[in-house]
Structures are given as structure tokens and as C-alpha cells.
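No lab work stands behind these numbers, since they all come straight from the coordinates. Predicted model only: the values in this text are computed from it and were never measured. Heads up, the Cβs are rebuilt from the backbone with ideal geometry, glycines too, and the neighbour counts pull from every protein chain shown.
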Amino acid sequence: MTIKVGDKVPEATFTVMTAEGPKPITSAEVFGAKKVALFAVPGAFTPTCSAKHLPGYVNNLDALKKKGIDRIACVSVNDVFVMSAWGKDQKIGDKILMLADGNGDFARAMGLELDAKGFGMGKRSQRYSMIVDKGVVKQLNVEEGGQFKV
């Protein structure tokens, strides 16, 4: 079942890279008392994700903050080392929280898993964005088949 507006974000544990190394972070910690703009990409370092999706959030960071967004987060079914390297490559710094959903548990729990086996990428996350306010989905935008139009 796919998550919808008004639903609570499912419980999951992501991994983030810190100065001390990889660290688990729960969905409650990410979304709990904040207004979060989360976007999911099928894969770090993929052409559309690197050229358009991630840079779009970096370029619109101030505009999102002015609309009351406390945190911007990016999630992908990649390991924490790949997400960290991608963040460094894109010069993200601490502007965007880079969440590794290494086993795809969050993508599955959201009902937004993408079968990318045809591209040799296995099970991934669909491309989507959402606004989450204190753990509740307020807006959800899901792309069809990994496109970049919404």
C-alpha cells in the first residue's frame, strides 16, 4: 500500500555519515518535530539525480526555508558510503541530510519501491518528493517510472 497525504511516515532506520563514521538515524529523529522536505531518488550518481534532482534542491534551499521548511533530506537505496561520496561530489555540506536506505526498507514501507532490475540496479526507490510536518505527510509528489517531470 502506497503512503498518502495524511498518513504518518513509517518507522525506519536510515544511515548517515558523521565525522565519527556511519550512524543510524530513525525516521522519528528525521521527521519528529520538524517540517521536512524529503525527496527520494532511484540512485546516487545517476544522470538525472546528479544533474537535475539534487541540484534543484540545493538551488532552491533558501526559497524552501522561507516557506517554513526546517530540514531538507534526500533518501536513496544506496549505502551510506555512496550517499556520503555523492554529497561530497555535489558539494552538499550540511545543506541537505543525505539518508542511506541501504536495504530499501523505507522505500518498501512507503509502498514506493521501484523495480530497476531491467537497468541492473535491483530494487530501488521511486522518484518522489514530500512535505512532512511533525511526522505526517502533508504533500506527496510521485513520478511515474522514475521520470523527472513532477
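With both bridge residues required to lie in the chain, what share of the DSSP beta bridges run antiparallel, to the nearest 5%?
70 percent
Cut-off is 10 Å between beta-carbons; in what order do Thr46, Thr26 appear when sorted fewest neighbours first?
Exposure proxy ranking, most exposed first: Thr26, Thr46.
For segment 12-21, in order, what is each residue's ³J(HN,Hα) by Karplus, 6.51 cos²θ - 1.76 cosθ + 1.60 with θ = phi - 60°, in whole Hz (x at glycine and Pro)?
So the J values, rounded to whole Hz, are 7, 10, 9, 10, 10, 8, 10, 4, 8, x.
Using a cut-off of 19 Å between alpha-carbon atoms, which aspartates and glutamates can reach Lys88, once sequence neighbours fewer than 8 places away in the same chain are excluded?
In chain and number order, the partners are Glu20, Asp79, Asp101.
Restricting to Cα pairs below 8 Å that are 6+ residues apart, what does the relative contact order work out to for the chain? Please round to a whole percent. Provide the component values of the computation, followed by the final result.
Values: 298 pairs, mean separation 49.5, N = 150.
Value for the chain: 33 percent.
Please give the charge dipole size of the chain, origin at the Cα centre, charges +1 on K and R Cβ atoms and -1 on D and E Cβ atoms. Round to the nearest 20 debye.
Value, rounded to 20: 460 debye.
Pop the C-beta distance of Val136 and Lys88 into the FRET formula with R0 = 25 Å and round what comes out to the nearest 0.05.
Values: r = 32 Å, r/R0 = 1.29.
That gives a FRET efficiency of 0.20.
Rounded to the nearest 500, what is the chain's calculated 222 nm mean residue ellipticity when only DSSP H runs of at least 4 contribute -39500 (n - 2.57) each, over all residues? Before the final figure, lay out each step's value.
Working: 5 runs with 33 residues, N = 150.
Mean residue ellipticity at 222 nm (helix-derived): -5500 deg cm²/dmol.
For segment 13-142, what is Rg from Cα atoms divided by 2.2 N^0.38 Å, rounded to two decimals?
Taking the Cα Rg and dividing by 2.2 N^0.38 Å, one obtains 0.97.
Once you have the Cα-Cα distance between Ala28 and Phe81, take 0.36 nm times their residue separation minus that, and quote the gain in nm to one decimal.
Value of the extension gain: 16.8 nm.
Stretch Lys8-Leu61 to full length: gain in nm at 0.36 nm per residue minus the Cα-Cα span?
Working it through step by step, the gained length comes to 16.6 nm.
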